[in-house]
Amino acid sequence: MDTAADILNSNLSSQVDGLSITDTLHLLTELFPGQVCFSTSFSLEDQVIFHHIATEKLPITVFTLDTGRMFSETYSVWTATLEKYHIPIQAYIPDHTRLETYVKKKGPNAFYESVENRKECCFIRKVEPLKRALAGQKIWITGIRAEHSGNRSQLHLLEWDEGNQLNKYNPLLHWTYEELRQYIGTHEVPYNILHDRGFVSIGCQPCTRAIRAGEEFRAGRWWWENTDKKECGLHSN
């Protein structure tokens, strides 16, 4: 039997079916006024989405998770984005008590020592702040693309997020990397220059490297871990 969440997701999916990104964003803000948010890590994907939001002057809350271990280049594109679009970006930072306890007990680079330590660090710096950011929201807009991993190729434009009890809208799900780069260039959207240096998926500085020829999209994330599925816990897929 379908749950209330399944029915809601199905009805919403049918309403956005066939709509453009712009039209879908307009519809979502009309259906859920004040309860639509967008999380940006200033990736190529997120910069494309931000451009759509800014161009249409949509009432969507924009936030980022400032882990405290980001690349200086990421902060630079953050600044450039503010200067170009003049739209506020809410920063959510880790709970200082949790982080201080973790670092005191395990050290600043404990995430290299075990998957358990790394996931704990991700939880403190990203997952818990995300929970606060999503509180009270109905729609979470993300930059997830099917090309990111095999798991994500099975996703839909609208997905029910059980853990956060809201719908996720993945507007660029079926875009290719080449389409992203073309859009960025055509619309003169600020982007992270690390993308020109072989970095395709950019997270915290200690946990990210450029990928090598022939490597998959997320090979540069948590590159020291010997596992096929590497996630930080923000998304279940």
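The values are calculated or read from the model by the stated rules, or taken from the named source; none is laboratory data. From a predicted model like this one, the values you see are computed outputs, not experimental measurements. As a convention, Cβ positions derive from the backbone with ideal geometry for all residues, glycine included, and neighbour counts pool all protein chains shown.
Remark: pairs (first residue in the stretch 99-115, more than 18 Å from E225 (Cβ to Cβ); second residue β-branched (V, I, T); Cβ separation under 7 Å; 6+ apart in sequence or on different chains) = L99/I124; Y102/I124.
None of A219, A210 is assigned to a loop (DSSP other than H, G, I, E, B), among the aliphatic types (A, V, I, L, M) and touching a helix residue (DSSP H, G or I) at 6+ places or on another chain (Cβ under 8 Å) except A210.
Of all residues in the stretch 54-103, those satisfying the criterion of being among the polar types (S, T, N, Q) and under 15 Å from the mean Cα position of the chain (by Cα) are T61, T64, T67, T74, Q90. Considering the conditions (1) without any contact (Cβ under 8 Å) to a residue 60 or more places away in the chain; (2) surrounded by fewer than 21 Cβ atoms within 10 Å (Cβ to Cβ), H51 is excluded by exactly one of them, (1). So which of Y169, Y85, Y102 is touching a strand residue (DSSP E or B) at 6+ places or on another chain (Cβ under 6 Å) and modelled with pLDDT of 95 or more? So the residue among Y169, Y85, Y102 that is touching a strand residue (DSSP E or B) at 6+ places or on another chain (Cβ under 6 Å) and modelled with pLDDT of 95 or more is Y169. Here G34 does not qualify as over 19 Å from the mean Cα position of the chain (by Cα), exposed (fewer than 14 other Cβ atoms within 10 Å of the Cβ) and closer than 20 Å to L173 by Cα.
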